Every structure is written in C-alpha cells, then in structure tokens.
1. Averaged across the residues of B:111-122, what count of C-beta atoms belonging to other chains lies within 10 Å of each residue's C-beta?
2. Under the definition of partner shielding as Cβ atoms of other protein chains within 10 Å of a residue Cβ, what is the mean value for peptide B:126-136?
3. Over the protein assembly as shown, what is the percentage of antiparallel beta bridges among all DSSP beta bridges, to the nearest 5?
4. Between helix B:68-77 and chain B, what is the angle of the helix's C-alpha long axis to the longest principal axis, kept within 0 to 90° and rounded to the nearest 10?
5. Let a ≥ b ≥ c be the square roots of the eigenvalues of the Cα gyration tensor of region A:148-220; is it rounded (a/c under 1.5), or, if not, prolate (a/b larger than b/c) or oblate?
6. Which percent, nearest 5, of DSSP beta bridges in region B:65-209 are antiparallel?
7. Using Cα atoms only, what is the angle between the long axis of helix A:16-32 and the major principal axis of chain A, expressed in degrees (0 to 90) to the nearest 10?
8. Would you mind telling me which residue in B:134, B:173, B:63 has the biggest mean-square fluctuation in a Gaussian network model of chain B, where springs connect alpha carbons within a distance under 10 angstrom?
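Nothing in this text is a laboratory measurement; each read-out follows from the coordinates by a stated rule. Just so it is clear, the structure is predicted and the values come from calculations on it, not from any experiment. Here the Cβ is made from the backbone with ideal geometry for all residues, glycine too, and neighbour counts use every protein chain on show.
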Ligand SMILES: Cc1cc2nc3c(=O)[nH]c(=O)nc-3n(C[C@H](O)[C@H](O)[C@H](O)COP(=O)(O)OP(=O)(O)OC[C@H]3O[C@@H](n4cnc5c(N)ncnc54)[C@H](O)[C@@H]3O)c2cc1C
Ligand SMILES: Nc1ncnc2c1ncn2[C@@H]1O[C@H](COP(=O)(O)O)[C@@H](O)[C@H]1O
C-alpha cells in the first residue's frame, strides 16, 4: 500500500500548498510504515522533481501529458484513479482548492473512499481514523471519522509545516489512458492575470474594503502588497461594485484564506467577511472607526485614516527590506 | 428544459455558531435557517433559465421535516415542485446517493447545486452525484447559459476565470455572480403553499463519514492598538513580536 499525493501545478510551477500536502502525506506514511508517491500532472518548467523528496515524497509519478496543463476536471480524476490503482494507494492527499474538491468527489465515488475536505490538522489513528476540519465557514472545527479503507483528504493551507528531509525522490514517467469523455467539455478561454501572487497561496494578504472609496485608490494597497510580497484581497461590496475582480473577494461567499498575516484596510469586519479570514495566524485591522467590529477579531489594530497610514507602512516595509 | 436544484438548509450567515455542552451537536436554539447562499444563487439561475427557455424547476432537499419552511421558500422563489428525502444529511456520500436516486432516469437536463454548503463546507456533493450518474460536474460555476442546446459556463479558477462549453445533461456547483438572489413576492408566497412537496424515505443508509465532535476556535486575545501617529511601530511589532515579517 502507499499514500498518493496529488500535486497541483499552476503555470508550470508546483503550488506551495501541494508541498504541504506532500508533508502531510509523509506524516501518515510514517505512521503506516509505507511510502509517499507524488503524482505531478502536466508540463513542469525549471524544476527537478526529485527535489520533492525534501518535503517527504519517496517517488514521483510524472504524468507529463500536455493535455493535463489545463484544469480538465475529469481528466485529472482519471489520472489520479489510475495512479491510485497502480500504486495500491489507500490514501489520496490533496491541497484543498476549488479544483481538488470536485476531483476528490469523483475519485471518492470511483474508489469507494470517504472524503474529508478542509482538513486543518494531522489525523488521530487509534482503532478509528479521524481528522480535524474547519466547518461553518471557519466559525468552528469538527472531528470527522472516515470509515472506509481507502481515504481522501483535502488539506487546508498551514495545517502542517513543511518538512525538510534529506532525501531525493525517484522520478518515473507515468502514462495515462484517458477515456473518450475525459475531455468532453472544451475550455474555450482562460482569463488570468500573470505574475500575481495567488490569494489562496499567499503568506501575506492585503485586503481592502469600501472604506477605500473607489477603485482608483487601490494603487496605494498594491504598493503595500508589492513591498510585502503579498496577495490582494477585498470585501464583497468591493467586488460587487466591480472595483476589484470577483476572485479577490474574501469571506463567506468568497475565498477563504489562512495566511500568516492578513491586513484589512477600511473593512468593517462583518461576520461574513471574518468567516473567510479567521484562521489567519495574525490579523491587522486598519479602520478609522474605533468601534469597527474588525478590531475585536484582530491581533493588531490602528484606528486612523488609511490614506495617511498605508503610504507610511509601505515606506517602513521598504526600509526594512533594504 | 428540466432542471433539478438541490438545496441545503443551513444557519443564516450572521449566526454565531454554538454546540451542545458535550460537543456532539449544533445548538440550534435561536438560530435562523436559510437556503444555503450558494444554493440560492443556483436556484435564482434555474428560475431565470426556466423563464427564458420554458420547462420545470424541481427543488430537492435531504432533510428532516424542519427544513420544510426552507423548501417552501424555494417554491415561493419560483420552483414548481419539491421533493424532500426524509433523513438527517450528515454525510456527503449519503446525501449524494439520495440525490442520484431521485435524478436517475428522470431526464433532468441540468442538476444545479451550490459550490458548497455553509455548514460542513464539503464542496463535494455535486461531484459525487455527477459520478454516480455518469455525468460531468463543474464547480465553482459563476456564469451559466444555454445557447443552441449547448451549455456555456465560466468557472472561477485561482486568480481568474475559465470559460467552458459542454453538453447537457450536466451537474454544476454554482456561486455568484451567476444570478442575483431572488426575494419571494406575495404571489410567490401564496402559490408556494399549494405547490406539490413530496416526501420520500431514504433509499440507502450507507454513510462513509461521521462528525464525532465539534468545537469553537480558541478565543482571540485582546487587540494591541498602535498609535496612528506612529504606524511604523506596527511593522516593528510584526517583525519582533509576531514574527510574521
Ligand atoms: C449572505 C451574505 C454573505 C456575505 N458574504 C460576504 C463575504 O463573503 N465577504 C464580505 O466581505 N462580505 C460579505 N457579506 C457582506 C457583509 O455583511 C458586509 O456588508 C461587508 O463585508 C462590508 O464590506 P466593507 O467592510 O468593505 O464595507 P463597509 O461595511 O461599508 O465598511 C467600510 C469600513 O471602512 C471604514 N473606513 C471608511 N473610511 C476609512 C478610511 N479613510 N480609513 C480607514 N477606514 C475607513 C469604515 O469605518 C468602515 O468600517 C455578505 C452578506 C450576506 C448577507
Ligand atoms: N441536505 C442536502 N439536500 C440537498 N442538497 C444538498 C444537501 N447538502 C448539500 N446539498 C447540495 O450540494 C452542494 C454541495 O454541498 P457540500 O458538498 O455539502 O458542500 C450544496 O451547495 C447543495 O446544493
């Protein structure tokens, strides 16, 4: 038996959240005394896959098929199912993402495997197998038991720390035989900003709310984000008003983030917004209203005018980095 | 066009969640329940598609009798009839089995759901149903149109959007801005009372997962306020105290 980890690739690069998934898989493999196999789909640029050994992979199956460079949901599922069968995998570990949820669902049915998504920590194994997971959109935690032999876990960001093992993984090519309907849906176009730090992957997120008054004022936040190497987020009204794209909106109906640092600027801190950010390690709120609810959910706060404070923070960060 | 729309019955988004003292169950006291917000977007789109193309919208919920007001609300918004599978929806696989059983051989062109329920946030029921029925699933879908019998969709991907074309039947997990939430009007509320709501027993009892314990996150410590005339101190504290920079 083995532990299979599905590695997500974005623009030819391996996602950091997938490295965490490998480290999570390695923790399970240690307890089960078995090996970790990482399945990498599509073309990889400028990275030696044997390096995944450092995060805990013993072996890498590289399904180097160009057809897997786009998000073909069904095709990814097919690749995983074939890899699981060939490696006799009893675990499938994936970084939680909107893609991994839907792929996991398909694999769950095909492999008769219980699935837990939004997993927030390592499993407890004593007779039963259970994992903690985030539920009620970040407002609570639940412990869920998975009762099938084969199990699928979608791991949240920051649920485990990255390993740093002194080993190299064996890399093998893995050929997949696709079914006719794996590509039945055609992707007609992809709109994506290049070079942006992905919000869900970012270690630091700078997020703006309606307090910023208009889209023209976002440059100020972008400068701060750039200085920090941060991803950009926003509140729902900001994306509803089309000041920012929809995929940047954080909260109950948007993206859930768990970075090391979340900086909220001119966001009131409504419960639906907090639902998407509450598992961040450190939260900073900047708001001119001392009664803004965000201050109750924050670790650090500055009560003042964002238009004065943000440029000074950017300057201080730049000074620090130099 | 024949559309099936699956709704969950969940605590209102403004709710403060509490559990019973033994940590085994949600404490429902004082909670308001609503149609899952993503499911509500899917429902709104389903009603719009019906208005544009004709056909029927059937709403389906797996839940106990307490979900009926939520189902009636979906009927008031514009669904034509409803089915309730009388069971506690505690496991995604179990819920998916019930939905697949209802949908099987009924010729639905579209099976629309939310991208995820906001109680257990599984994000998997749509994918499971599709696989059980041998259909394709797409999620999170933020635009869905039917043009010349083809389904044109936009799916949110990290950092952008992906545009797709597929054929019916298919399953989609929806999110905004696929449509605007619809508020039931008086006429809708009146007619909803007499629209058919059929109750069926669960067809398969298998469950693959059990939530055995619930808890709230540990309370946050008090916020450290920084003097607005010296914001640079924040950066210093993030470096030295919080160690995140
Ligand atoms: C079902 C449902 C789901 C929802 N989901 C989400 C969600 O996912 N994400 C989300 O964000 N919201 C969501 N909302 C909306 C949420 O309830 C709030 O309305 C929203 O978060 C408010 O956005 P805001 O804080 O940007 O704007 P406002 O509430 O308008 O707050 C603006 C803030 O900026 C401050 N401000 C103004 N000027 C300045 C200045 N110069 N300097 C500093 N501060 C300033 C003000 O004091 C105020 O606190 C949802 C609502 C519902 C009903
Ligand atoms: N009990 C239920 N009854 C009907 N549909 C449901 C139920 N639970 C979830 N769904 C649907 O499946 C979607 C995904 O749910 P989940 O996988 O639980 O996040 C939801 O947005 C609903 O559309």
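1. On the way: counts 0, 0, 0, 1, 4, 5, 2, 8, 6, 9, 12, 11.
Mean number of neighbouring Cβ atoms from other chains: 5.
2. Details: counts 3, 12, 7, 2, 6, 8, 3, 1, 1, 1, 7.
Counting other chains' Cβ atoms within 10 Å and averaging over B:126-136 gives 5.
3. Details: 42 of 120 bridges.
If we restrict to bridges inside the protein assembly as shown, about 35 percent are antiparallel.
4. The angle comes out near 70 degrees.
5. Details: a/c = 2.35, a/b = 1.45, b/c = 1.62.
Taking the square roots of the gyration eigenvalues as a ≥ b ≥ c, region A:148-220 is oblate.
6. Values: 14 of 27 bridges.
Looking only at bridges with both residues in region B:65-209, the antiparallel portion is about 50 percent.
7. 50 degrees
8. Comparing B:134, B:173, B:63 in a Gaussian network model of chain B, the most mobile one is B:134.
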